[in-house]
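Please read the structure below before turning to the comments.
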Number of protein chains: 2
Amino acid sequence: MKLSELGEFGLIDVIQGIAEKSRNPRYDSWRQLLVGIGDDAAAWQSGDYVELATTDTLVQGVHFDLNVISWRELGWKAMAVNLSDIAAMGGIPEYALISLALPENLEVESVTDFCHGLAELANQFEVAIIGGNLASSPDAVITITIIGFSKGNRILKRSTAVPGEQIAVTGFLGLSSAGLKMLQKKTTLDNETTNILRQAHLRPTPRIKEGQLLLQRGVNTAIDISDGLIADLDHICQASKVSAQIKIDRVPVHPLVKANFPGYQELALGGGEDYELLFTTDKVTMEKVKRVLDCPVSVIGKITEKTLPTRVTLIDSMGNAVTPRKAGWEHFKNEALKSKVA
Amino acid sequence: MKLSELGEFGLIDVIQGIAEKSRNPRYDSWRQLLVGIGDDAAAWQSGDYVELATTDTLVQGVHFDLNVISWRELGWKAMAVNLSDIAAMGGIPEYALISLALPENLEVESVTDFCHGLAELANQFEVAIIGGNLASSPDAVITITIIGFSKGNRILKRSTAVPGEQIAVTGFLGLSSAGLKMLQKKTTLDNETTNILRQAHLRPTPRIKEGQLLLQRGVNTAIDISDGLIADLDHICQASKVSAQIKIDRVPVHPLVKANFPGYQELALGGGEDYELLFTTDKVTMEKVKRVLDCPVSVIGKITEKTLPTRVTLIDSMGNAVTPRKAGWEHFKNEALKSKVA
C-alpha cells in the first residue's frame with residue numbers, strides 16, 4: 001500500500017503502535033511521560049515542571065510557495081506554527097532547535113532573512129535559539145523543535161473533553177485561508193483588508209498568553225487550529241472518545257472575510273492555519289475565561305456523548321444537521337492541494 | 001553569495017550571530033542555558049539535572065542512498081546518529097521526536113520497516129518515541145530530535161580542552177567509510193570482513209555507556225566522530241581555542257581495513273561517520289578511563305597552545321608534520337561528494 005492510500009492519520013496510528021510496543025521502563029518512573037504521540041506536544045514530568053517538546057516541518061512546494069511568502073515571513077511563520085503547539089498545551093516556550101535542509105545554490109541572504117524572521121518572533125516570546133542542524137538538500141525542508149514547560153503538573157490536552165462541555169474558539173476563523181486565496185489569485189482588495197489577510201496568513205501570532213490563561217483558569221482541553229476547525233475538533237473527539245455539535249452561525253468569521261469571500265463559511269470551517277485555540281470547558285469556567293482573555297472568545301457548540309460514525313455534526317441556522325464538505329488537511333492524501341500554504 | 005560559497009560552518013557562524021543577539025532574559029535565570037549553538041547537543045540546567053536536546057537530519061540522495069541502505073537499516077542509523085550526539089555530551093538519552101517528510105508514493109511497508117529499525121535501537125537504550133511530525137515531500141527528509149539528561153551539573157563539552165591534555169579515541173576509525181566504499185563499489189570481501197564493515201556503516205552503535213563513563217571519571221571534553229577525525233578534532237580546537245597534534249601511526253585502524261583498503265589512512269583521518277568518541281583529558285584521568293571502558297581506547301596525540309593558521313597538525317612516523325589532504329565533510333561545499341553515506 002502507498003502512503004497516499006493510508007494517509008497521514010493512518011500512518012500516525014501505525015507508528016504509534018510501533019512506538020508503544022517499545023515503551024521503556026522509564027515511562028512510569030521518576031521522569032514520567034504524561035503525553036506521547038497524538039497531542040500538540042509531548043509532555044513529561046521533571047520535578048516541579050512539566051517539560052514540553054514539539055516539532056513541525058515545512059516542505060518547499062508543499063507547505064510554502066516562495067512566490068507568495070518571503071524568506072523573512074517564512075522564518076516568522078515556521079516559528080509561529082511550532083509555538084502554537086506549545087500554546088495549545090498551555091505551556092511557556094523556552095528553547096528552539098532549528099534544522100535546515102537547503103539547496104546549495106540558495107543565496108545566503110535568503111537564509112539570514114529567514115533567521116531574522118524566526119528570531120523576531122522568538123524574541124517576542126523570549127525563546128532562545130540553542131541549536132539545530134544544517135544539511136544540503138534539493139528542496140528546502142525546515143524542521144523546528146520547541147522545548148517548553150509548564151509549572152506544576154497540569155497541561156492542556158486533547159483527550160480530556162467531556163460531554164456537556166461548551167466548545168469555544170479564540171479570534172476569527174478563515175482569515176488565514178482567505179489570505180492565501182488572495183495571495184495566490186493576486187486579488188486586489190482595499191489596503192486594510194489586504195493588510196489584515198496578509199498578516200493572518202504570513203505572520204500569525206501564536207496564542208501563547210491565551211493558552212497559559214486557559215490552563216490557569218481551569219480549562220483542561222485544547223488544540224490549536226492548524227488543519228481546520230472541523231478536522232481539529234475531530235482530533236479532540238477522537239482523543240477524548242466523544243462527539244461534538246457545532247452551530248455554523250456561531251463560528252466567528254471576520255466581517256472583512258464575509259464581505260469579500262462568498263465561500264467564507266468553508267474557509268472558516270475547513271481552511272486551517274488559523275493558529276487560534278479551540279477548547280472545551282464547563283459553562284462556569286467559560287465565563288471566567290471570557291473575562292480574562294483579551295481576544296474574542298466565541299462559544300460555537302457543545303461536546304456530546306460518542307456517536308458513530310460522525311464525530312463532528314454541524315447544525316445550520318434552521319437547526320438541521322449538515323454534513324461537512326471537507327475534512328481539512330491531511331498529508332499524503334490531499335492530491336489536489338499540493339500547495340497547502342503560501 | 002551562495003550557500004555553496006559560504007559553506008556549512010560559515011552559515012553556522014551567521015546563524016549563531018543572529019541567535020545570540022536574540023538572547024533572552026531567561027538565559028541567566030533559573031533554567032539556565034549551559035550550552036547553545038556549537039556543540040553536539042544544547043544543554044540547560046533544570047533543577048538537579050542538565051537537560052540535553054539535539055537534532056539531526058538525513059536527506060535522501062545526500063546522506064543516504066536507498067540502493068545501498070535498507071529502510072530498516074536507515075531507521076537504525078537515523079537513531080544512532082542522534083544518540084551519538086547525546087553520547088558525546090555524556091548524557092542519558094530519554095525521549096525521541098521523529099519528523100518524517102516522505103514522498104506520497106512510498107510504500108507503507110518501507111515506513112514501518114524504518115520505524116522498526118528506529119525502535120530497535122531506541123529500545124536498546126530505553127529511549128521512548130513520544131512524538132513527531134509527518135509531511136509529504138518530493139524527497140525523503142528525516143529529522144530526529146533526542147531529549148536526554150545528565151544528573152548533577154556536569155556534561156562533556158567541546159570547549160574545555162586544555163594544552164597538555166592527551167587526545168584519545170574509542171574503537172577503530174575508518175571502518176564506516178571503508179564499509180561505504182565496499183557497498184558502493186559492490187566489492188566482494190570475505191564474510192567476516194563484509195559483516196564487520198556493513199555493521200560499521202549501516203548499524204553503528206552509539207557510545208552511550210562510554211560517554212557516561214568518561215563524564216563520571218572526570219573527562220570534560222568530547223565530541224563524536226561524524227565529520228571525520230581531523231574535522232571533529234578541529235571543532236574541539238576551535239571551541240577550546242587550542243591546537244592539536246596527532247601521531248598518524250597511533251590512529252587506530254582495524255586490521256581488516258588495513259588489509260583491504262590501501263587508502264586506509266585517509267579513511268581513518270577523514271572518512272567520518274565512525275560515531276566513536278574523541279576526547280581529551282590529563283594523563284591520570286586517561287589511565288582511569290582506559291581501565292573502565294570495555295572498548296579499545298587509543299591515545300593519538302596531544303592538545304597544544306593555539307597556533308595559527310593550522311589547528312590540527314599530523315605527525316608522521318618520522319616525526320615530520322604533514323598537511324591533511326582532506327578536512328572532512330562540510331555541507332553545501334562538498335560538490336563532489338553528493339552521496340556522503342549509503
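The values are calculated or read from the model by the stated rules, or taken from the named source; none is laboratory data. The model shown is predicted, which means the values in this text are computed figures rather than measured ones. A quick note on method: Cβ atoms are made from the backbone with ideal geometry, for glycine too, and the neighbour counts reach across all protein chains shown.
Checking B:Ile69 against (1) under 25 Å from A:Ile146 (Cα atoms); (2) among the β-branched types (Val, Ile, Thr); (3) assigned to a loop (DSSP other than H, G, I, E, B), which single condition isn't satisfied?
(1)
Condition first: surrounded by 22 or more Cβ atoms within 10 Å (Cβ to Cβ), closer than 25 Å to A:Ser150 by Cα and not assigned by TED's automatic domain parsing to the domain that holds A:Thr54. Can you find one or more residues in the range A:245-255 that meet it?
no
Among the numbered criteria (1) crowded, with 24+ Cβ neighbours inside 10 Å; (2) at the interface with chain A (Cβ under 8 Å from one of its Cβ atoms), which one does B:Ile37 miss?
(1)
Taking the condition modelled with pLDDT of 95 or more and either under 11 Å from A:Ala168 (Cβ atoms) or in contact with a strand residue (DSSP E or B) (Cβ under 6 Å, 6 or more places away or on another chain) (or both), does A:Lys258 pass?
It is false that A:Lys258 is modelled with pLDDT of 95 or more and either under 11 Å from A:Ala168 (Cβ atoms) or in contact with a strand residue (DSSP E or B) (Cβ under 6 Å, 6 or more places away or on another chain) (or both).
Okay, residues lined up against (1) facing chain B (nearest Cβ under 10 Å); (2) within 30 Å of A:Thr160 (Cα to Cα):
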site	(1), (2)
A:Pro93	no, yes
A:Ala96	yes, yes
A:Ala101	yes, no
A:Val108	yes, no
A:Val111	yes, no
A:Ala119	yes, no
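Can you say whether A:Ala239 is more than 18 Å from A:Ile300 (Cβ to Cβ), among the aliphatic types (A, V, I, L, M) and buried (at least 21 other Cβ atoms within 10 Å of the Cβ), as far as the supplied structure shows?
Numbers: more than 18 Å from A:Ile300 (Cβ to Cβ): yes; among the aliphatic types (A, V, I, L, M): yes; buried (at least 21 other Cβ atoms within 10 Å of the Cβ): no.
Here the answer is no, as A:Ala239 does not meet what is asked.
Of all residues in the range B:297-311 being part of a strand (DSSP E or B) and under 11 Å from B:Ala244 (Cα atoms), which is farthest from the chain's Cα centre (by Cα)?
B:Thr304
Quick check, is A:Gly131 in contact with a helix residue (DSSP H, G or I) (Cβ under 7 Å, 6 or more places away or on another chain) and free of Cβ contacts under 8 Å to residues at least 60 places away in the same chain?
no
Any residue at all in the range B:132-154 that is polar (S, T, N, Q), in a strand (DSSP E or B) and more than 7 Å from chain A (Cβ to nearest Cβ)?
Yes, the range B:132-154 contains a residue that is polar (S, T, N, Q), in a strand (DSSP E or B) and more than 7 Å from chain A (Cβ to nearest Cβ).
Each row is one residue, and each column tells you yes or no for (1) in the same structural domain as B:Leu277 (by TED's automatic domain parsing); (2) modelled with pLDDT under 95.
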{"site": "B:Ser159", "(1), (2)": "no, no"}
{"site": "B:Ala178", "(1), (2)": "yes, no"}
{"site": "B:Lys185", "(1), (2)": "yes, yes"}
{"site": "B:Asn195", "(1), (2)": "yes, no"}
{"site": "B:Arg198", "(1), (2)": "yes, no"}
{"site": "B:Arg207", "(1), (2)": "yes, no"}
{"site": "B:Gln216", "(1), (2)": "yes, no"}
{"site": "B:Asp232", "(1), (2)": "yes, no"}
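For the range A:307-316, which positions are surrounded by fewer than 13 Cβ atoms within 10 Å (Cβ to Cβ) and in contact with a strand residue (DSSP E or B) (Cβ under 8 Å, 6 or more places away or on another chain)? Full working, then the answer.
First pass over the range A:307-316, keeping only residues surrounded by fewer than 13 Cβ atoms within 10 Å (Cβ to Cβ): A:308-309, A:316.
Hit for the range A:307-316 is A:Asp316, nothing else.
Could you list all residues from the range B:151-169 that are surrounded by 23 or more Cβ atoms within 10 Å (Cβ to Cβ) and within 18 Å of A:Glu51 (Cβ to Cβ)?
B:Ile155
Name every residue in the range B:40-52 that is closer than 24 Å to B:His235 by Cα and within 8 Å of chain A (Cβ to nearest Cβ), in order of residue number.
Listed by number, the residues that qualify are B:Ala41, B:Ala42, B:Trp44, B:Glu51.
Please tell me if A:Asp65 is surrounded by fewer than 23 Cβ atoms within 10 Å (Cβ to Cβ), more than 9 Å from every other protein chain (Cβ to nearest Cβ) and within 29 Å of B:Lys2 (Cβ to Cβ).
Yes: the conditions hold for A:Asp65.
In this structure, does A:Val108 turn out to be β-branched (Val, Ile, Thr) and over 20 Å from the mean Cα position of the chain (by Cα)?
Working: β-branched (Val, Ile, Thr): yes; over 20 Å from the mean Cα position of the chain (by Cα): yes.
Answer is yes for this residue.
Quick check, is A:Met89 assigned to a loop (DSSP other than H, G, I, E, B), more than 7 Å from chain B (Cβ to nearest Cβ), aliphatic (A, V, I, L, M) and surrounded by 22 or more Cβ atoms within 10 Å (Cβ to Cβ)?
yes
Given (1) closer than 17 Å to A:Phe332 by Cβ; (2) out of contact with any Asp or Glu (no Cβ under 6 Å at 6 or more places or on another chain); (3) of a type in the set (A, V, I, L, M), identify the lone condition not met by B:Ile86.
(1)
Which condition does A:Ser84 not pass, out of (1) more than 21 Å from B:Thr57 (Cβ to Cβ); (2) surrounded by 24 or more Cβ atoms within 10 Å (Cβ to Cβ); (3) touching a helix residue (DSSP H, G or I) at 6+ places or on another chain (Cβ under 7 Å), if it passes all the others?
(3)
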